[in-house]
Structures are given as C-alpha cells and as structure tokens.
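Notes follow the structure.
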Amino acid sequence: MISPDIFSWIKTEEGNFETQEVQIGDNWWWSFRKHIQLIFHLKNGIFFAGENNWMRAFKNIMEPMLNLAYWTEDIEVKDIEFFDDEGKRANSFLIRKYHDEVYSRENDLDAMIDEITECDIDYGGVLVQETDTDRPEVLEFNSIAFCDQTDILGAPIAFKLNFAPEKLRSMKSRGWGDDKNGATISIEDLIVLADESKTPAGMSGKPNKSTGKSIEVYIIRGNLPEHYLKDNDEMEKYVYQLQIVALYTDKDANRIGVTLYRKEDDPERMLFHTSKKVYGRALGRGVGESLLPAQVWTNFLEIHKMNMLAAGSKVPLVTDDPSYTQKNKIQNMENLEITTIEDRKTIRLIPTISPMNVQLLDKAINEFYEHAQLSGAAFDPMMGKEAASGTTFRGQNQVVQQGRGPHDRRRGQRAKFIEEIYRKMIIPKMKREIVKGKKFLATLSMDEMEWVSKQLIINQTNQFKKDYILDNGGEAPTPEMVQEFEKQSQIAFNAKGNKHLLEILKDEMKDIELNIGISVASKQKSLAAVSDKLLSIFQTAFSNPKVFQATLQIPGMSQAFGSILEYGGMNPVDFSALISAPPMQIQQPALPQGQPQMQPQGQPQPQMMATA
C-alpha cells in the first residue's frame, strides 16, 4: 500500500528500484538501473565489476561503433523542412525563416537532436520533457531515481538531481519555493539547511563531497494520490501531477523532506521513443546493448592474453648443475659475462608461452570484433578502412549504401519522433514568440529569392502605378514604363544578394493557426539518391552552353539544378545570372515568298494566346 507520506514513499520506491528486477521471459530477468549502468560503464571504457586500476586490459570496441552510428543517423536542423499550406505561403515562409535563422540558434536545437540520437542509440530509448521557458529537455536515464521497469511512462517516474545554490535560485522564475504553488519552504531557507554532499541517483555508496552546498531534489511526474497534492484524505483518488521535493539532513542526522512545487500536470509534457521495442520492459534494444556481448568477451580474452604475455616476459632457467646457482647469480650478471657449468651439464630456458595459444586468442578477439561490426552495422568501408585490392569505387559505394540500411531505418523512426516534438512542444512556443513581433536577417535560397522578388516587385509596381497616376493628373504609365520599372526593381533586389532583413509585425499572426506541414530528414535523403542522375543530365547539357541555358527554362529544371548546388555546399545565388539567362532563340530557315512561317513546336498559336 502506498504511504500517506510522500517522502517515505519516495525513499521506499528508490530502494526497490535499486534492487528489484522484472521478468521479461521464462529465463530473462532485467533491471533498468543495471542496464543503464552497464552500458554507461563499458561505452566509456570502464569495467562494470572488479578493479578499475588500469592494470586490466580493456579494448573498447563499443565507442568507435557507437560514434559511427551517431554520425550515420545524425539529423540536423537543416534537415527539418516546413512546407506550405495552400494559400498561406507568406505565413509559412516567415515561420520557416524565423525557425532557421533565430529560434533554432537561440535554443540550440541541433544539440537537442544530437542528444536524442545518442541516447536512443546507446540505451534503446529517449525521454524528452517540455519545459516552460527553454527548448525541450532530453532527460538523462542515469538520473532516474525510480520508474515502472515494464512501461517507463505507465506509472510515476522520479528524477534525482543535485542543485547548487545559484542553480536552485534560478528556479524561482518557474515558481519553485512559492507557497502559491504548494511549497512548504522557500528556496533561501532550504539553501541555509543544505550541506556539501551529493548522492547521485541509484548510488547507495558513500556520497560525493562537494566544494560548496548541494541540494538534493526529486522531480516526480505521474498519477499520484490527491492527498499528495491537496493535503486531504483522498488516498484512493489519483491525479496526474508534478511534485518537486527536496531532502536535507538535520542536526540529528535525519533526512527531512520538504516540498518546493506541486501542481496538476499534463501527461503530454513528456514523450518517450525507442527505435526497437522489447515486449515487457521499459526500454527497447539499442546499438549499445547489441554490442555488450562482444565487448564483455573481448575484455575477457584480452585480459587472458595479457596475462599470458606477462608470463612470457619472464625468463626462468633450469640446469642440472646443482652447484651453478651457488657460483653464479644470473640476475646480477653484466651483458656478455661468461659463466661455467660442470662437465656434461646444461642450462636452458623454461618455455612459458605458446605462440599457438596467443594466435588462438587473437583469432577469437577478431571474431568478436567482426560480430560487433555485424551487430552494430559498422562494416569496414563505413569505418573508413581501405577496401581490398581490386574493389571498384561503385562496388565499394554499394557496400556502404547497403550497410547504411539499419541506420537509415532507425533514423527514419527517430525523424517521426522529432516531428512529434515539433508539433507538441516547439511550434506552439514559436507562435508565442512570433506574435511579439520579430525583426531578423535571413539567408534566402534561390527558390525563395525568386518567390520573394516576384511578390515584392508586384507590390512595388502597383505602388508605382498609383503614384504615377496621382502625379500626372490621372494618366496611366505606358506598358514600356512599367516593364522598365519592373526590370530596375529586379536588378536592385538581386544586387542585395541572398541576405535580407525580414520583419514580422507584432500580433500579425495572432489569430493564425500554425498548421504547417513538417518533413524531417527526407529532403536530404532524396537529394542524395537523385543527385547522380541529375548530374548526368546536366553534364550532357554543359557540353553545349546554349542548350544548357535552354534546358534551365524548362519548369523544374532550374530548381533541380539549384538543389544540386545546395547539396554540394555552393550558393545557388552565385549562379543566378546563368540560371535566369534568356532562353535561346531558335532561328527558322527562310521560306519561299508567300509561304506562311511555321510555329515552333509546342508554342501556342497567337489566336490561342489572345483567347487565353
């Protein structure tokens, strides 16, 4: 039965979490805490059990393969695309540029995405929590004090953190220590009572000593008795709530609990993702877990190999001359010193190591390394190892592409999770910031430059017409004047380059719902797949510049060419003169007098154009 005292309940659950295991299968018992600690130790080159005095061989094969997975499955902010709603391109354009140029940089969203990738790869899952002010926070599994080991969000989950005084004071802005939010002590009073020890989550050993005061804080989310929230007698009625409590040691060495914050909460403020689910347990199966057997057995074999080599480094001797050791002290001899033994007696080395045994150990170590490569999809070409002689570039490239299959699958699954984070946690915050009014410098792509210049020139031309009519007594400008004005406006716009100052007026988007589409990690992938085909097309076109310029006038071809330039790290704006060159004029051969000129194929007749 749950304790009516939340502080006693926390300590009981924490103790159970450290020792209890859950049954996953008939012969499978699993501990969340041991799972995290085992991977945490081994991926950092530290033994999980036994001495860590650097006198035991540790060959870390996990780290390079995990690093390869981080790199191969990496998603960057530039891979996140917002596509336009019908009829709302101006709104989507401003939101997209604000995200790329301002919001993602201010909140370091690239770092958040990297943390999501690494946590999921290492441990088989990731927890992301919405915060009130900052970007979504990726929660460390090492800081979990207790949770449901069969379903991580299926029951209350608690995180144990240690706060320095200044860090705890910064939490005042979030309402910590305020009696209006259920606090039973102020932050300043708690700091006075704090000591200098730190006890990390799940660590039952000796507390770490700090050079300054440290406050032990538990953050609990989940369905808990209403009694914990309202101090009533409702122990059977459960409410989803956020509880933030702290513990300090009094003068009698007793641990005393106090409340810093308690409120009803929204379950959607915390999201969990795993790329590979395992039925019946809180975490899925990550790359880190798949590498554990190979890492453990590699260490086992390396330790035995080093022990054998240590034994082989000794030079024991044997002789059948019983008086030899009385006459000679070999350990004190100088180099090339001459000794004598009795007639027909011998002295020889005692063999202490077999080269065959060392070779067997090396073979077993290599086999486990190859198994780890297979488990982690970290094949030689992907690890940067030189291909065997005779391997063609195309063949090597195909091996790499096939080896990326498992990584691409996990990357795609994680992309959907990041999209969910954007919809639930990031876009609503962006809207709150946008309605305040923003002015920022943005870098425009070639497609954006074309669209913005078109909209801008339309507005400027309309204003030119109005001003001309008012200044000239109602007379409208001639088509030639309008055409010249548009040409000069385009030249002036292009002269500014691809960096432009954008401004979102205050409350301009107050009543606009941000139902824009989001695509994560798809554009980059498609570009990689089609770039070779597109490049072959343009290589053919480059052989004849006039044909190439004509090709770029075909709808979609100039945009495809711009995509290739962007993918190659070049600025399409630098090629704007080439892309926007006038189409090649095709001269028709002279025909006999009186015979009508043929219209170019694909061009409409003048009558059709007029009726259109």
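Summary of computed values
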| quantity | calculated |
| --- | --- |
| Surface accessible to a 1.4 Å probe, per residue, for the residues of the range 421-461, Å² | 48 Å² |
| Binned Cα-Cα distances of the range 41-80, short to long, each 10 Å bin given as a whole percent | 26, 35, 22, 13, 4 |
| Rounded to whole Hz, the Karplus (6.51, -1.76, 1.60) HN-Hα couplings of the range 171-178, x for glycine and proline | 6, 4, 5, 9, x, 5, x, 9 |
| Extension gain (nm, one decimal) between THR339 and ARG174, 0.36 nm per residue minus Cα-Cα | 50.9 nm |
| Low-density loop cleavage sites - trypsin sites (Lys or Arg not before Pro) in the range 11-58, where at most 14 other Cβ are within 10 Å (DSSP) | ARG56 |
| Sulfur and carbon atoms: percent of accessible area, the range 260-380 [1.4 Å] | 56 percent |
| Under the Karplus curve 6.51 cos²θ - 1.76 cosθ + 1.60, θ = phi - 60°, whole-Hz ³J(HN,Hα) for the range 220-227, x wherever Gly or Pro sits | 10, 10, x, 7, 10, x, 4, 4 |
| Whole-angstrom gap from the range 40-113 to the range 405-469, using each part's C-alpha centre | 23 Å |
| The range 10-77: chymotrypsin sites (Phe, Trp or Tyr not before Pro) falling in loop per DSSP and having at most 11 other Cβ within 10 Å | TRP54 |
| Per-peptide average of other Cβ atoms within 10 Å, ordering 277-286, 453-462 highest first | 277-286, 453-462 |
| Residues of the range 131-282: accessible area per residue with a 1.4 Å probe, Å² | 50 Å² |
| DSSP-loop trypsin sites (Lys or Arg not before Pro) across the range 296-358, with at most 13 other Cβ within 10 angstrom | LYS314, LYS329, ARG344, LYS345 |
| Gain upon complete extension [LYS34, ILE353; 0.36 nm per residue less C-alpha separation] | 111.1 nm |
| Per-pair calculated FRET efficiency, R0 = 30 Å: GLU140 and LYS78 via Cβ, rounded to 0.05 | 0.65 |
| Residue among LEU38, ILE61, VAL22 farthest towards the positive dipole end of the range 21-65, charges placed on Cβ | ILE61 |
| Ranked by how many other beta carbons lie within 10 Å on average, peptides 113-124, 362-373 from highest | 113-124, 362-373 |
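The values are calculated or read from the model by the stated rules, or taken from the named source; none is laboratory data. Just so it is clear, the model here is predicted, and its values are computed rather than measured. In this analysis, Cβ positions are derived from the backbone assuming ideal geometry, glycine residues included, and neighbour counts consider all displayed protein chains. Accessible surface areas use protein heavy atoms only, side chains included; no ligands, DNA or RNA. Shrake-Rupley method; radii C 1.70, N 1.55, O 1.52, S 1.80 Å.
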